[in-house]
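Everything on this sheet refers to the single structure shown next.
Coordinate-derived values only; no laboratory data. Remember, it's a predicted structure, so these values are computed and weren't measured experimentally. Here the Cβ positions follow ideal geometry from the backbone for every residue, glycine too, while neighbour counts run over all protein chains shown.
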Amino acid sequence: MKILKGDKVKILIGKDKGREGEVVKAMPKKDQVVVKGLNLYKKHIKPSQGRPGSIIEKERAITISKVAVICPSCKKTIRVAYLIDKSGEKSRICRKCKSVLNTPVSKK
Ligand SMILES: [Zn+2]
């Protein structure tokens, strides 16, 4: 998956379209990410053991096709490309300005 925790992304579709936030959780198996403060839903907490019930807002995971990575260097929404150097190290680069995205790709 090309989007990792720590990336800045922009929402492309839905009620938060155009808003930007930081990825706080990446779920490669589901192709989903959780973006801090975006795509919120209201969760009702039932009252229990003397605590009153309440409503909290939580982030809902977003399918990665609905978000675009923002390049930290050129500040544009970009397509991420992979660059593999001579030692076999894989890094993610911005296709527009060719700068390496700071969040490392985990080795397998
Ligand atoms: Zn760039």
How many of the residues making up region 40-79 are of a type in the set (A, V, I, L, M, F, W, C), more than 16 Å from the ligand (Cβ to nearest atom) and not in a helix (DSSP H, G or I)? 7
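Here is a check on your reading of the model: is Asp31 surrounded by 11 or more Cβ atoms within 10 Å (Cβ to Cβ) and under 11 Å from the mean Cα position of the chain (by Cα)? So that I can check it myself, show each step before the final result.
Numbers: surrounded by 11 or more Cβ atoms within 10 Å (Cβ to Cβ): yes; under 11 Å from the mean Cα position of the chain (by Cα): yes.
Spelling it out, Asp31 is indeed surrounded by 11 or more Cβ atoms within 10 Å (Cβ to Cβ) and under 11 Å from the mean Cα position of the chain (by Cα).
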Ile45: over 25 Å from Glu20 (Cβ atoms), surrounded by 10 or more Cβ atoms within 10 Å (Cβ to Cβ) and touching a strand residue (DSSP E or B) at 6+ places or on another chain (Cβ under 8 Å), yes or no? yes
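Among the listed residues Leu4, Leu40, Leu12, which satisfies the condition of being over 30 Å from Lys90 (Cβ atoms), surrounded by 13 or more Cβ atoms within 10 Å (Cβ to Cβ) and of a type outside the set (Val, Ile, Thr)? Lay out the reasoning, then the answer.
Working: Leu4 fails: over 30 Å from Lys90 (Cβ atoms); Leu12 fails: over 30 Å from Lys90 (Cβ atoms).
Among Leu4, Leu40, Leu12, only Leu40 is over 30 Å from Lys90 (Cβ atoms), surrounded by 13 or more Cβ atoms within 10 Å (Cβ to Cβ) and of a type outside the set (Val, Ile, Thr).
Quick one: would you say Tyr82 is assigned to a strand (DSSP E or B) and either within 16 Å of the ligand (Cβ to nearest atom) or among the charged types (D, E, K, R) (or both)? Spell out how you get there, then give the answer.
On the way: assigned to a strand (DSSP E or B): yes; either within 16 Å of the ligand (Cβ to nearest atom) or among the charged types (D, E, K, R) (or both): yes.
Spelling it out, Tyr82 is indeed assigned to a strand (DSSP E or B) and either within 16 Å of the ligand (Cβ to nearest atom) or among the charged types (D, E, K, R) (or both).
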How many of the residues in region 85-101 are more than 9 Å from the ligand (Cβ to nearest atom) and either out of contact with any Ser or Thr (no Cβ under 8 Å at 6 or more places or on another chain) or under 21 Å from Gly21 (Cα atoms) (or both)? 8
